[in-house]
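The values are calculated or read from the model by the stated rules, or taken from the named source; none is laboratory data. From a predicted model like this one, the values you see are computed outputs, not experimental measurements. Because the Cβ atoms are built from the backbone with ideal geometry, glycine has one as well, and the counts that use them run over all protein chains shown.
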Amino acid sequence: MIGSDSGLRYKQPSAIAPPAPKPAQQSAGYRPLAVNDKALGTLENNQMAAGIGAGRAALTSMDRAGVSRGKGQQYAADLAEASSQSDAQAAVNKSRQDAGMADSEANRAYSNTLASERTGNSGLLEGLRNSAAMEQLSKRGMSQNTYEAIRRGQFGLDQIGLDYSPLLQSLFS
């Protein structure tokens, strides 16, 4: 054929072809979400902000009427500020650690759920295969028993013989 593109028919799905199967959904749901970085950042900012101003508050708490501030008071205020910032940084690190642990625990639980689901499904599949095999064996056994019963019946009718049991012999004597 001149002027035709025979490749076009292969690019379009057939009207009579069955639709492509959808990928199997796992019943464990979706992978758990990680701890929100924005929320974690906000928490860290609040924790760091809580430590700021501790030096000024310490300096203000040491003020006495009529006494000027000295180097000792400034040193104590600086020490309080450093201690407060250190505590705030420790709280931030603890928050990061807790968020990481929560993420890893959620991912581990998700993975364990998927693994146990896979194991359960394979056990069910193996049980179905076993049932089908046992059904086939049962059918074979039943047909063999039927065949043997038919053959015994034929042999029983073909071989009619005299009964020589003691009871019958006592009747004939």
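Quick look at the values:
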{"read-out": "Top-ranked residue in segment 34-66 [being charged (D, E, K, R) and within 40 Å of the chain's Cα centre (by Cα); ranked as farthest from residue 107 (Cα to Cα)]", "value": "44"}
{"read-out": "Complete set of residues in segment 96-136 that are farther than 19 Å from residue 32 by Cα and more than 21 Å from the chain's Cα centre (by Cα)", "value": "127, 128, 129, 130, 131, 132, 133, 134, 135, 136"}
{"read-out": "Pairs where the first residue, in segment 62-84, is surrounded by 13 or more Cβ atoms within 10 Å (Cβ to Cβ) and the second is at pLDDT below 85 and assigned to a loop (DSSP other than H, G, I, E, B), C-beta under 6 Å, 6+ apart", "value": "73/62"}
{"read-out": "Of all residues making up segment 96-118, the number that are of a type in the set (Lys, Arg) and in contact (Cβ under 8 Å) with a residue 24 or more places away in the chain", "value": "1"}
{"read-out": "Given (1) assigned to a helix (DSSP H, G or I); (2) modelled with pLDDT under 90; (3) β-branched (Val, Ile, Thr), index of the condition residue 119 fails", "value": "(2)"}
{"read-out": "Qualifying residue in segment 119-135 (condition: on the phi < 0 side of the Ramachandran plot and touching a residue at least 40 places away in the same chain (Cβ under 8 Å))", "value": "no"}
